[in-house]
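The values are calculated or read from the model by the stated rules, or taken from the named source; none is laboratory data. Predicted model, so just to flag it, every value in this text is computed and none were measured. Neighbour counts run over all protein chains shown; Cβ positions are idealised from the backbone, glycine included. For accessibility, only protein heavy atoms count, side chains too; no ligands or nucleic acids. Shrake-Rupley method; radii C 1.70, N 1.55, O 1.52, S 1.80 Å.
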Amino acid sequence: MATDLQRVWRKLTWPWSPLSEREASEAIVRNLWLHWFPAKVSGRSLSWSYSLWLGTAAASLFVILTVTGVMLMFFYVPSTERAYGSIKDLQYAVSFGRVLRNQHRWSAEGMVALVFIHMARVFFTGAYRGSRVLNWLVGIALLLGTLMLSFTGYLLPWDQLAYWAITVGTNIASSAPLLGWTVQYLLLGGHFVGQQTLLRFYVLHVFFLPAVVWMLFAYHMWRVRKDGGLAAIEAVRAERRAEPKPMPRSKSYSLFGLTPGTSVAVMSSMGLEERDQVASSPNLTRRMILVFLAVFNVTLLLSLLFNAPLEGPANPAVTPNPAKAPWYFVWLQELVSSTTIHLGSFTISGGLIGGILVPGVLLAALILWPFFDRSPASAEGVWFARTRTRQNAVFTIISIGIIILIIVGLYLRGPYWHLYWPWSRRPVLPQVL
Amino acid sequence: METDRRTLLRWLGKSSVFAAFVAQIGAAARAFFPNVLYEPPSTFNLKKPEDYPQGYTFDSDHRLFVIRGAATVHVISAICTHLGCTVQWRGTEFDCPCHGSRFDANGNVISGPAPPPLPWFEVSLSPDGLLEVDSAAAVPEGSALTTPTAKA
């Protein structure tokens, strides 16, 4: 019976029994689940300590977010009148609804953090260089996609945080020169935050942005493969290149100018050798499953211990005091609070400088960085390479600056956005309305 | 180089199909800019001037302050000119809870990121004696409505 089931399962998924190394490789290619992996991967790419598996962890969170998100769609109503109630129902009336929403929320915040840390890892290992520049750019697009998914996501409960985040966010957009008002009108679907706005952000959140991020993610993975694996293998490649090679037995075609390009013998000496590679299954697949399970269990544990925040229902008349953005945007809130410039009678709003120009400059720096990196190739795929110390220092200083702004915004800002020490008493506010 | 009729017609045919495709994308994008808005009008009535106490009263429906003096009434917007949060009246000044902008009793910026002052709205008396506010028409600071029935 058991063997019969096994036979049927094999027939359905993997109609192939490998008898040799080569057949085993082919078996991976022919398997329904495994064919999107290469048959073999370089052992160095699988190192735990090199990549810390941050990208896989972020991708695991994205899978969790997709599944929990689709489940939440069965309960959520994108209407300004019913959205808040449907979240309350999830909290109190739906069995395990609270855990479901918590897991979606904590996974989302975890994804923002992990995508950023993954980017920091790629930066500190100099892995964006050479042929991997394109994948670095795709990664930046994925970071932006993650942030946009977070922003559109926390608007949906239609609580106070949601309402005032849309208000402030779309006002930042409107402070852009020329197209600002048009963009705001398009995002809001009118002049005020209302039903049209909620519906637009809902469709962006549950379909448009996830579709874009999934496609970019697939491309990101495909590029990793086309670039030959993680940057850590570049050192192995250099080693192999330096080793003396036996003379090729046949003469290369290109010697006579018959075909353009590099000869077969030279090509084979550029790549990795048999001993550098291991079969994807189980070496890669087992690690991926382990990372996924670890990430899943951490998010589940967090969801059992901590509840996702939900403020009072959206009230267009009263802004919470203080109104704080989620942690990953609070540094921008600090920036827009303090970057308004007065030049005589001429004023430039902090919305434009702190909300658009400063993030724009940071984004441009990330995009352009690989093109101005002049460090030697030996810095590729090495943690904290000596030749990149100054670059790493700049990245670290900017990151620490952002983290300091986040801490100030989260812990030191009190009513009316005044600064208070965490231990100092904050004024008791009169009830508005 | 001479183009024969067949090549030209073929080129025209392909181009027109492509142009129709592009135009349809434009039309689809245009749909996202609404033509009809179901939004509250910018001109609306408040209560009668004498229904407001002396001093600053917050109208939560319209997000503005009605300020009644001895014989005058004026209206100042409660929407922060920085990024649109609702400011609060704190006895001597308006403060914004989002980014810390501060405005004096007339709406002028004291400190913080807000660029222009809080606007004053045009206010008049409707035939039935209600305050009529036009929130699309900002008026210069100090233009208050003198209330004929004000009992000082």
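Condition first: assigned to a strand (DSSP E or B), more than 10 Å from chain A (Cβ to nearest Cβ) and surrounded by fewer than 24 Cβ atoms within 10 Å (Cβ to Cβ). Can you find one or more residues in region B:86-101 that meet it?
no
Could we say that B:Val139 is away from chain A (no Cβ under 14 Å), open to solvent by less than 20 Å² (accessible area, probe 1.4 Å) and in contact with a strand residue (DSSP E or B) (Cβ under 9 Å, 6 or more places away or on another chain) here?
Taking the combined requirement at face value, the residue does not satisfy it.
Yes or no, residue by residue, for (1) buried (at least 19 other Cβ atoms within 10 Å of the Cβ); (2) of a type in the set (D, E, K, R); (3) at pLDDT 95 or above:
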residue: A:Ala24; (1), (2), (3): no, no, no
residue: A:Arg30; (1), (2), (3): no, yes, no
residue: A:Ile64; (1), (2), (3): yes, no, yes
residue: A:Gly69; (1), (2), (3): yes, no, yes
residue: A:Phe75; (1), (2), (3): no, no, yes
residue: A:Pro78; (1), (2), (3): yes, no, yes
residue: A:Ala83; (1), (2), (3): yes, no, yes
residue: A:Ser86; (1), (2), (3): yes, no, yes
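Residues A:Ile341, A:Ile353: which one is closer than 23 Å to B:Ala114 by Cα, touching a strand residue (DSSP E or B) at 6+ places or on another chain (Cβ under 6 Å) and among the β-branched types (Val, Ile, Thr)?
Criteria check complete, one pass: A:Ile341.
Would a scan of region B:13-31 turn up a residue that is of a type outside the set (Gly, Ala, Ser), farther than 26 Å from B:Asp104 by Cα and either in contact with a helix residue (DSSP H, G or I) (Cβ under 6 Å, 6 or more places away or on another chain) or within 14 Å of another protein chain (Cβ to nearest Cβ) (or both)? Write out each step before concluding.
Here is the first cut: in region B:13-31, the residues of a type outside the set (Gly, Ala, Ser) are B:14, B:17-18, B:21-22, B:24-25, B:30.
From what is left, the residues that are farther than 26 Å from B:Asp104 by Cα are B:14, B:17-18, B:21-22, B:24-25, B:30.
Keeping just the survivors that are either in contact with a helix residue (DSSP H, G or I) (Cβ under 6 Å, 6 or more places away or on another chain) or within 14 Å of another protein chain (Cβ to nearest Cβ) (or both) gives B:30.
Yes.
Return the residues of region A:384-433 that are under 20 Å from B:Gly100 (Cβ atoms), in contact (Cβ under 8 Å) with a residue 60 or more places away in the chain and within 14 Å of another protein chain (Cβ to nearest Cβ); say none if nothing qualifies.
Scanning region A:384-433 gives A:Leu405, A:Val408, A:Gly409, A:Arg413, A:Gly414, A:Pro415, A:Tyr416, A:Trp417, A:Leu429, A:Val432.
Each row is one residue, and each column tells you yes or no for (1) within 7 Å of another protein chain (Cβ to nearest Cβ); (2) assigned to a loop (DSSP other than H, G, I, E, B); (3) exposed (fewer than 15 other Cβ atoms within 10 Å of the Cβ).
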position	(1), (2), (3)
A:Pro320	yes, yes, no
A:Ala323	yes, yes, no
A:Phe329	no, no, no
A:Val336	yes, no, no
A:His342	no, no, yes
A:Thr347	yes, no, no
A:Leu352	no, no, no
A:Ile356	no, no, no
A:Pro359	no, no, no
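Name every residue in region A:405-433 that is in a helix (DSSP H, G or I) and either over 30 Å from A:Val133 (Cβ atoms) or open to solvent by 90 Å² or more (accessible area, probe 1.4 Å) (or both), in order of residue number. Explain how you work it out, then say what you get.
So in region A:405-433, the residues in a helix (DSSP H, G or I) come out as A:405-412, A:415-417.
Of everything in region A:405-433, those that are in a helix (DSSP H, G or I) and either over 30 Å from A:Val133 (Cβ atoms) or open to solvent by 90 Å² or more (accessible area, probe 1.4 Å) (or both) turn out to be A:Ile407, A:Val408, A:Gly409, A:Leu410, A:Tyr411, A:Leu412, A:Pro415, A:Tyr416, A:Trp417.
Of the residues B:Leu118, B:Leu145, which is touching a residue at least 24 places away in the same chain (Cβ under 8 Å), touching a His at 6+ places or on another chain (Cβ under 9 Å), open to solvent by less than 40 Å² (accessible area, probe 1.4 Å) and not β-branched (Val, Ile, Thr)?
None of the other options fit; the residue is B:Leu145.
Specify the residue that is nearest to A:Leu147 (Cα to Cα); the eligible residues are those in region A:199-222 that are aliphatic (A, V, I, L, M) and within 14 Å of another protein chain (Cβ to nearest Cβ).
The selected residue is A:Leu204.
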